There are 4 protein chains.
Amino acid sequence: MPDSLAQVREEIALANRILANEGVFDAFGHVSLRHPDNPEQFLISRHRAPELVQPADILVLDLEGKPAVPTPHRLYGEVTIHASIFQARPDVVAICHHHAPAILPYAIARVDMVPVYHLGASMGEKVPFWDSRDDFGDTALVVVDPAEGKSLAKALGPHSMVLMGRHGATVVGASLRELVFRTIYTARNADLQTRAKLLGAVHGLSPEEIKKAAAYNLRPAPMERAWDQWAMRLAEKEGRAGPAARAPATKSAAKAKTGTRAATKVAPKAKAKPAPARKAAAKPKPKKGRGR
Amino acid sequence: MPDSLAQVREEIALANRILANEGVFDAFGHVSLRHPDNPEQFLISRHRAPELVQPADILVLDLEGKPAVPTPHRLYGEVTIHASIFQARPDVVAICHHHAPAILPYAIARVDMVPVYHLGASMGEKVPFWDSRDDFGDTALVVVDPAEGKSLAKALGPHSMVLMGRHGATVVGASLRELVFRTIYTARNADLQTRAKLLGAVHGLSPEEIKKAAAYNLRPAPMERAWDQWAMRLAEKEGRAGPAARAPATKSAAKAKTGTRAATKVAPKAKAKPAPARKAAAKPKPKKGRGR
Amino acid sequence: MPDSLAQVREEIALANRILANEGVFDAFGHVSLRHPDNPEQFLISRHRAPELVQPADILVLDLEGKPAVPTPHRLYGEVTIHASIFQARPDVVAICHHHAPAILPYAIARVDMVPVYHLGASMGEKVPFWDSRDDFGDTALVVVDPAEGKSLAKALGPHSMVLMGRHGATVVGASLRELVFRTIYTARNADLQTRAKLLGAVHGLSPEEIKKAAAYNLRPAPMERAWDQWAMRLAEKEGRAGPAARAPATKSAAKAKTGTRAATKVAPKAKAKPAPARKAAAKPKPKKGRGR
Amino acid sequence: MPDSLAQVREEIALANRILANEGVFDAFGHVSLRHPDNPEQFLISRHRAPELVQPADILVLDLEGKPAVPTPHRLYGEVTIHASIFQARPDVVAICHHHAPAILPYAIARVDMVPVYHLGASMGEKVPFWDSRDDFGDTALVVVDPAEGKSLAKALGPHSMVLMGRHGATVVGASLRELVFRTIYTARNADLQTRAKLLGAVHGLSPEEIKKAAAYNLRPAPMERAWDQWAMRLAEKEGRAGPAARAPATKSAAKAKTGTRAATKVAPKAKAKPAPARKAAAKPKPKKGRGR
């Protein structure tokens, strides 16, 4: 199934660069995806800044964090974050570890993150807090030992995100699209929570609002809509989208677009193309459902 | 009147992308315009991130939020915001629903927004606050039910903007230009109000200053001047404006430019062109009036 | 002296676009320069967003704010700010009126601006506060009446900058370079003062430090160094600076560069070129003086 | 050894422009490197905005701050900062003096900077505070007199960074890469410390965590990874990186990449190339070590 993995690699590379372009990643942080055909393996970039990751950089590792085939490439030091969570959480398909400036104040001040608007609801009711100091005393703070990875996975529990004291956060998802959506919108929510607090008070969502808003936002339509925008913004930044990319598409470009959700499978090839605007006039089959 | 609608579609698409480029929209939010020839209809993009909206994406809906002609495209889930307000407010020609980072802290902290500088005066003396929880209890926060839309329209009342608890804001205008101007400057005003509060105190405009400053700023000249800048900035971002776009225009480019206000009609075609700088040397008819 | 004015127009247009590019101007604000050969006149753009101003937009006005020759173009509504200050302050050569987000909180909270680092010292020991309400009651806040302009000029007094309540600021300079330098660095200083206050306390410069640091920074060398950077950044944004603009210059490009200060005269033509990097290997005459 | 210095000049110019592109420098600030073959000399740009510095701008000075060979170029006024520290600290290979907006509030409010996340640990346990007023009374705040330089070097002591009251900071490193890494991440750490304080409290690293995290981050792999990203971002900004720069590299581009640390020597020539992405498929020798 070589073609399938080529597409998966392209999607993971794109997710890396999108998260860098949207301000979540700087030179550090990483994204992984469970192998679509083998739940005992996952894909992740070799040791490289996310903004630079290309499909050829994506390696296959096992759930011990070892390369599936020998590789001359350096691995990220913290692959155990991914290996440990994929082991502990069979429902998890994609993982992101990051140090976004918007969430770090919470990891430093030890203040609870809460959803403050509907788009932030995908973090869930609770974001647990993990501190390497509790189990391991003074460390370099990075999660490089499998025991540290397991401790972090335990702290994550059944939740969607875990804050890491004086370090950052780790986010999980049921698909790559969901992961990217949750990662970006939990960071934006954190920033809004901070601003609301400075302004006076934080009146967040009720538990039931969190459930309903999360369910609403994590449908395929809103996630695709956001992904398309992020992919276009990235294409523009990388100089891959000239004026033509935004011109109205010709009728010959029209083709059916399925809206079915792919949890453990990545979206159809057409979605991975970096010039979504070209599909402007695409004619999907009539659909009665609504987006946002 | 196919030509007229082509122009209208172009303007609405431009307004979508301008509002994204100026930091009001991210992947979500939408802009609508009452149909220039049929007040019982309005135009709005199909379900798509505003930054990507093209003229071909603009659909015609009736005041129930149903497509005027069958369409295979997905609609925004919240079209009832637009339909309900166009029903309730015959004076409204354009509507924008958004989640700008600058205004959300007010929707979360439940702090009153007030004009703090002349350019923010277009929000008016009062920005009412609507909370979906009051009438509908725990929801996904999105306004998808016509009853919710009507409740929001009622909360808006005769005002120009309504804050939506834990969600965002909805802004209305007597023209597309006015709407875009008000949307951008109320967001900037909110940011300044926050900074002033952090610095010490908010000494806002008096009621009479609000009226006078709003009237001054919502004349065609200031609104056109701002629109021209936003259109140029967008053209640059989209790679449509090369160095030539900023070069002094030749005399052959000179042509009359009317400054008359078009409330329910969009500006003349020349205004919709994405390279305003080419009109650098345009020769308007002598005018004694002054701008800012 | 047509060639001289062509150069002056180019410089003023550049100053407008630099101030927009560095975050001082949005669609509003304006820059003026006293006529180099006639102190009873000044140059300013026609009614246009600063980011779009081209040399052909620059008009000549008299000290009543009337066009020196009939023009079909709309004027800024607030030309009296410039006319009144040029009248009251023979030492002033350039004026900028703006609404920079960094300074507006001071105009809203009525908190004193003070120099908090050496580069902010060019504001001087005191930035007076003018409130249109004091003399004129409730207005649209804009300064359109000559009486308002004179009141503002009086409040400015012998200082370099005046804050305008709920409106913005007006800055003056002994040259266009000095004006642009002061305008940008007083805005940056304001932002730093705000951050220092949020962090704990503002320990600003002593009166003697202000005098010495202002004298040091307003020498030609630092001002040229900053101007060169701003001009390059603008050229890059406008697509006028390709990779070649940054390549090491060839020896054939070398030519003498005078460092003499031009207060009422603009810099030599070479300075107005938008690709300063081309002068990388320029060979100035040996000089023992030092910059920063 | 003309070839060696050519490479060093290229690296220093790149460091200048990277630090400008990452928000540390504006028109002011400077970077120096001890001469790789003569510890009694150092290299630094002529008087020029860092964002514009090219290899041809780099001069060789002695430890009195005098040019090694006569030069017609203007020098930075504050070369004594570099000369004095290179004299006092034989272990220092590279120095950066800057006024980053993130650190200035600490230099104004006199609040201690502390590492709040692992990437900020490279500042060390203590950042001393130097105030020109203590030894020299009221000055222009700039460090232009050798006595001032020596006083500053004394305040720096054995530390990696020193805050300068109402002025900025000076940072040192054991290599150019280490200096750039420390300069950028201490600025980001400062910004996070400010945000955490606004959010509630600053729970920083323990002394042992600081030591371990600093040692972990200052290994060659993390520093190269960050440098590669910064170099790519700069190349994109300068228009030197087209779409091709990000395309997967061909096998013919593969070549060994040594990971050995070069403290007083700059990295091998390949590292200085401004299009790191072209090395995407480079095949380094198998390595068991891990990065982050």
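Values in this text are rule-based calculations from the coordinates and carry no lab data. Bear in mind the structure is a predicted one, so any value in this text is a computation, not a measurement. Counting neighbours? That spans all protein chains shown, and the Cβs are built from the backbone with ideal geometry, glycine included.
General remarks:
- Residue that is within 11 Å of chain D (Cβ to nearest Cβ) and either on the phi < 0 side of the Ramachandran plot or surrounded by fewer than 19 Cβ atoms within 10 Å (Cβ to Cβ) (or both), where the choices are A:Pro67, A:Pro36: A:Pro67
- Filter pass, C:Leu179 being buried (at least 24 other Cβ atoms within 10 Å of the Cβ), touching a residue at least 60 places away in the same chain (Cβ under 8 Å) and within 14 Å of chain D (Cβ to nearest Cβ): no
- Of all residues in the range A:49-71, exactly one satisfies the criterion of being charged (D, E, K, R) and under 17 Å from the mean Cα position of the chain (by Cα), namely A:Glu51.
- All of (1) more than 10 Å from chain B (Cβ to nearest Cβ); (2) of a type outside the set (S, T, N, Q); (3) in contact with a Lys or Arg (Cβ under 8 Å, 6 or more places away or on another chain); (4) farther than 20 Å from C:Val24 by Cβ hold for C:Leu119 with one exception: (4).
- Within the range C:81-102, considering residues that are within 19 Å of C:Asp131 (Cβ to Cβ) and at the interface with another protein chain (Cβ under 10 Å from one of its Cβ atoms), the one farthest from the chain's Cα centre (by Cα): C:His99
- In this entry, A:Ala27 is excluded by the filter for residues that are within 12 Å of chain D (Cβ to nearest Cβ), surrounded by fewer than 21 Cβ atoms within 10 Å (Cβ to Cβ) and aliphatic (A, V, I, L, M).
- Any hit, the range A:227-239, residues being buried (at least 21 other Cβ atoms within 10 Å of the Cβ), within 7 Å of chain B (Cβ to nearest Cβ) and small (Gly, Ala, Ser): no
- Candidates B:Ala215, B:Ala153, filtered to the one that is more than 15 Å from B:Ile95 (Cα to Cα), of a type in the set (Gly, Ala, Ser) and either more than 14 Å from chain C (Cβ to nearest Cβ) or out of contact with any Cys (no Cβ under 7 Å at 6 or more places or on another chain) (or both): B:Ala215
- Lone unmet requirement of (1) in contact (Cβ under 8 Å) with a residue 40 or more places away in the chain; (2) not in a strand (DSSP E or B) for A:Leu163: (2)
- A Cβ distance below 6 Å, combined with a sequence gap of six or more or placement on separate chains, defines the contacts here; from the range A:33-62, residues that are within 22 Å of D:Leu234 (Cα to Cα) reach residues that are of a type in the set (Ser, Thr, Tyr) in the pairs A:His47/A:Tyr76; A:Val53/A:Ser45; A:Asp57/A:Ser45.
- Residue check, A:Val111 surrounded by fewer than 24 Cβ atoms within 10 Å (Cβ to Cβ), of a type outside the set (S, T, N, Q), within 12 Å of chain D (Cβ to nearest Cβ) and without any contact (Cβ under 8 Å) to a residue 24 or more places away in the chain: yes
- Across the range C:187-206, the qualifying residues are those that are without any contact (Cβ under 8 Å) to a residue 24 or more places away in the chain and in contact with a Pro (Cβ under 7 Å, 6 or more places away or on another chain), and the one among them that is nearest to C:Cys96 (Cα to Cα) is C:Arg195.
- Scanning the range B:89-138 for residues that are hydroxyl-bearing (Ser, Thr, Tyr) and more than 25 Å from B:Ala196 (Cβ to Cβ) yields one hit, B:Ser132.
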